[in-house]
1. Can you name the strands (runs of 3 or more DSSP E) wholly within the range 297-340 that have at least 3 residues being farther than 25 Å from Y68 by Cα and touching a strand residue (DSSP E or B) at 6+ places or on another chain (Cβ under 8 Å)?
2. Exactly one condition in (1) of a type in the set (A, V, I, L, M); (2) within 30 Å of A201 (Cβ to Cβ); (3) in contact with a strand residue (DSSP E or B) (Cβ under 7 Å, 6 or more places away or on another chain); (4) part of a helix (DSSP H, G or I) is false for V118; which is it?
3. I need every pair where a residue in the range 100-116 that is buried (at least 16 other Cβ atoms within 10 Å of the Cβ) has its Cβ under 8 Å from the Cβ of a residue that is of a type in the set (D, E, K, R) and in a helix (DSSP H, G or I), sequence separation at least 6 or different chains.
4. How many residues does the range 344-362 hold that are open to solvent by 20 Å² or more (accessible area, probe 1.4 Å) and in contact with a strand residue (DSSP E or B) (Cβ under 7 Å, 6 or more places away or on another chain)?
5. Looking at L63, L95 in this structure, which one is touching a Gly at 6+ places or on another chain (Cβ under 7 Å), in contact (Cβ under 8 Å) with a residue 60 or more places away in the chain, open to solvent by less than 50 Å² (accessible area, probe 1.4 Å) and not in a strand (DSSP E or B)?
6. Might you let me know whether the range 302-318 holds any residue that is more than 15 Å from the chain's Cα centre (by Cα), modelled with pLDDT of 95 or more and open to solvent by less than 10 Å² (accessible area, probe 1.4 Å)?
7. I need every pair where a residue in the range 335-348 that is touching a residue at least 24 places away in the same chain (Cβ under 8 Å) has its Cβ under 6 Å from the Cβ of a residue that is part of a loop (DSSP other than H, G, I, E, B), sequence separation at least 6 or different chains.
8. If you scan the range 106-160, which residues turn out to be among the aliphatic types (A, V, I, L, M) and under 30 Å from R27 (Cβ atoms)?
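The values are calculated or read from the model by the stated rules, or taken from the named source; none is laboratory data. What you see is a predicted model, and the numbers here were worked out from it, not measured in a lab. All Cβ positions, even for glycine, are placed from backbone atoms using ideal geometry, and neighbour counts span all protein chains on display. The area values use the complete protein model at the heavy-atom level, side chains included, leaving out ligands, DNA and RNA. Shrake-Rupley method; radii C 1.70, N 1.55, O 1.52, S 1.80 Å.
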Amino acid sequence: MDYDVIIVGLGGMGAASADALAGRGLRVLAVDQFDLGHARGASHGRSRIVRQAYFESPDYIPLLRRAYALWDTFPADCRLRRVGCLMLGPDDSRLVAGATRSAEVWQIPIELLTAAEVTDRFPQFAPGPGDVALFEPDAGFVRPEETVAFLAARARTRGAELMTERVHSWEVTGHGVRVWTPMGAFAADRLVLAAGAWTPALAAALALPIRVERRVQHFFAPARDAARFGPDVMPTFIWNIAPGDTIYGFPADGPDGVKVGFHERGRVVDPGHEQPPASAAEVGQMRAAVADRLPGVAGEVVRSVPCLYALTPDHNFTLGFAPGLEPRVVVAAGFSGHGFKFVPVIGEVVADLVTRGQTDFDLDFLSPARFLAP
C-alpha cells in the first residue's frame with residue numbers, strides 16, 4: 001500500500017484527522033482540491049462559537065467535553081477564548097429550552113436571565129418583552145483559519161503528506177481503497193471522506209442525504225461607541241428571532257468589527273460553482289435583523305463572506321463507517337452550522353475508527369447508517 005490512510009478534504013475535520021492519524025504513526029495522505037485555508041467551504045470567516053449547553057441534543061456533550069480539553073492545549077491563537085455565549089428567545093423555543101435541558105442533564109453552569117436583566121448586564125442587546133436568555137459563561141469562540149493552519153502544519157511535522165489536487169473517484173478494492181486524481185491513482189488501507197460540501201458528489205454511491213446551502217457571514221463596523229462591542233464586554237450570541245429563524249454573532253475583535261449571520265436563511269447551491277459576493281438584499285436583511293436587537297452594531301459593512309453549510313435532514317453530523325464498507329471507509333460530513341467546535345475531538349474519533357475499528361464515544365445518533373431505509 002502507498003499509505004495507511006487517505007483523507008479527502010483539508011478543512012477543519014480533515015486537518016484534525018490528518019493530525020491525529022499521523023500522530024499515531026500512520027502513513028497519511030490528505031488531499032484537497034483547493035489550497036490550504038481556502039474560503040470555498042465552511043472553515044473560514046474569522047470565528048466559530050464554542051459552547052456546551054447544547055440545544056441541539058445533550059448527546060453531544062461527551063464529545064464537547066473532550067473538545068474543550070483539547071482546545072485548551074492548542075497554541076494561543078487557536079485556543080478557546082472564553083467570552084461567554086448568550087442564547088436568547090422565547091422560553092419555549094428550541095434554542096432556550098434545549099440549551100437549558102442539556103445544561104440540566106450534564107450540570108453545565110448557566111444563568112437564566114429576563115429581558116430586563118440582559119439589557120442591564122449586556123447593554124449591547126435589546127431583547128423584546130417575549131425574550132428570555134440563557135448565559136453560558138464558559139462558552140466563547142475560536143479561530144477557524146488559524147486552527148486549520150496549525151493542525152495541517154502539525155500533521156506535516158508528524159509525517160503526513162498534504163496534497164492540493166482534486167479527487168474525482170475512489171473505490172474499495174480487495175485489499176483496501178484506491179483514490180484517483182489527475183496525478184494518478186493512490187492506494188491505502190483506509191479512506192476518510194471529510195470533504196464538506198463536496199461529500200455528496202464524491203460519495204454519491206453512498207446516497208447520503210446531505211444538501212448544500214449558501215450562508216453569508218457579515219462584518220459590521222459599529223456605528224457608535226465601538227468599545228462597548230469588544231470581547232472584554234460583549235459575549236458571543238445566538239438569538240431565535242422567530243420560529244425557524246435564528247441569528248448569531250461575535251464581539252468585535254480586530255479590524256473586521258462585529259460578525260453576524262443568519263443560521264437558517266439560505267438557498268441550495270452547487271458547491272462546484274464559486275459563490276458570488278453578498279447581494280444588497282442579503283446585506284439589507286442582515287442589517288434589518290440586528291438594527292433594533294443590537295442597536296449601533298449595523299454601521300458600515302466591512303465585508304460579507306459567503307460560506308457553505310452541508311446539512312443532513314436531522315441536522316446532526318454524519319460520523320462513522322460508510323454502510324457496507326466497514327472498516328475501509330469512514331465518513332465525517334454534514335457538520336455545517338454547528339460542527340467546527342468539535343474539530344479536535346473529531347480528529348481523535350476518526351483516528352479511533354481507523355486504527356481500532358471503534359471509539360469510546362457513543363456515535364449511534366450520528367451513524368451514517370441511520371439514513372438507510374428500514
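1. Output list reads 300-311.
2. With (1) of a type in the set (A, V, I, L, M); (2) within 30 Å of A201 (Cβ to Cβ); (3) in contact with a strand residue (DSSP E or B) (Cβ under 7 Å, 6 or more places away or on another chain); (4) part of a helix (DSSP H, G or I) applied to V118, the lone miss is (2).
3. L113/R121
4. 0
5. On inspection, the qualifying residue turns out to be L95.
6. No, the range 302-318 contains no residue that is more than 15 Å from the chain's Cα centre (by Cα), modelled with pLDDT of 95 or more and open to solvent by less than 10 Å² (accessible area, probe 1.4 Å).
7. Going by the 6 Å Cβ cut-off, the qualifying pairs are F335/F317; S336/A42.
8. V142, V148, A149, L151, A152, A153, A155, A160
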